[in-house]
């Protein structure tokens, strides 16, 4: 079984003490040089452990997650580097600056096995400002040989986004000659009725038809190499309200499963 490594550098999942003097919750931020060394040590240890203990299992890493943010963008950053997440700071930015993204990819390339692909991953990639920021970022990384692909998260709904918006963003990303993956496909419904689950199935069908249309194997512009569905079953744990999966809580296939299978069989045969 091949697995995606998610994720090396993400502002919301790094403990505050990691960025501070003495590794304490209330210490002052360390300087850029110290934080850069900590980042390298962390990435080196993690990649070395995985590649030694589980060789060949992780075929790619989302090296940096969600670093492009038009709303809190550093005005000097060509790729609209995130400075905050809501009211909370982005500690990677506060300690290293916008260079933290390239630095993470530099260390990941240094320590990753030669056959492991490196991705930048983000949400709302279809929104024009984010499309532009991600394009600018990945263009710079591509020029330096630091990136292999772009991950487009798929937290989409029955009524949004228009397929034309996804297609437009994917077409632009494709000009960078990088792999494109839909990394977190998840289409939820407001109410769990037969009618809504049929609409959910129609949306999944529409998405997969677009992906086949866009894929270079079928004459499209994009080298689409993977689609990851975000989760297996609805309500997979107590009090979980998620209903975006293609199997129900009893592990029975939903209409969405059947629609996706139908699309895939049609194109395979």
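Every number in this text was worked out from the coordinates using simple rules, so none of it is lab data. It should be emphasised that the depicted structure is a prediction, and the values quoted were computed from it without experimental measurement. Here the Cβ positions follow ideal geometry from the backbone for every residue, glycine too, while neighbour counts run over all protein chains shown.
Quick look at the numbers
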{"item": "Hypothetical label at residue 213: residues of the stretch 133-167 whose amide nitrogen lies under 20 Å (7 Å Cα-Cβ projection)", "result": "152-167"}
{"item": "Cα shape, the stretch 3-153, gyration tensor, a/c 1.5 rule", "result": "oblate"}
{"item": "Computed [θ] at 222 nm, helices only, for the chain once each DSSP H run of length n ≥ 4 contributes -39500 (n - 2.57)", "result": "-12500 deg cm²/dmol"}
{"item": "Within the stretch 42-59: backbone nitrogen closer than 13 Å to the residue 115 label point (7 Å, Cα to C-beta)", "result": "55-59"}
{"item": "Between the stretch 86-103 and the stretch 167-230, the Cα center-to-center distance that results, in Å", "result": "30 Å"}
{"item": "Rounded tilt (10° steps) of 163-174 against the dominant C-alpha axis of the chain", "result": "50 degrees"}
{"item": "Nearest-ten-degree value, helix 100-111 long axis tilted from longest Cα axis of the chain", "result": "90 degrees"}
{"item": "Contact order relative to length of the stretch 3-153, as percent, for alpha carbon pairs under 8 angstrom and 6 or more apart", "result": "26 percent"}
{"item": "In degrees, nearest ten, helix 128-143 long axis to first principal axis of the chain (Cα)", "result": "60 degrees"}
{"item": "Potential lengthening between residue 266 and residue 196 on full extension [0.36 nm per residue; Cα-Cα distance subtracted]", "result": "22.8 nm"}
{"item": "Label-reachable residues, the stretch 63-88, where backbone N falls under 18 Å from a point 7 Å from residue 41's Cα toward its Cβ", "result": "none"}
{"item": "DSSP-defined antiparallel bridges as percent of all bridges, the chain, nearest 5", "result": "20 percent"}
{"item": "The stretch 1-68 and the stretch 241-261: distance between their alpha carbon centers, rounded to Å", "result": "33 Å"}
{"item": "Within the stretch 3-153, percent of DSSP bridges classed antiparallel, to nearest 5", "result": "25 percent"}
{"item": "Difference of contour (0.36 nm per residue) and Cα-Cα distance, residue 25 to residue 13", "result": "2.8 nm"}
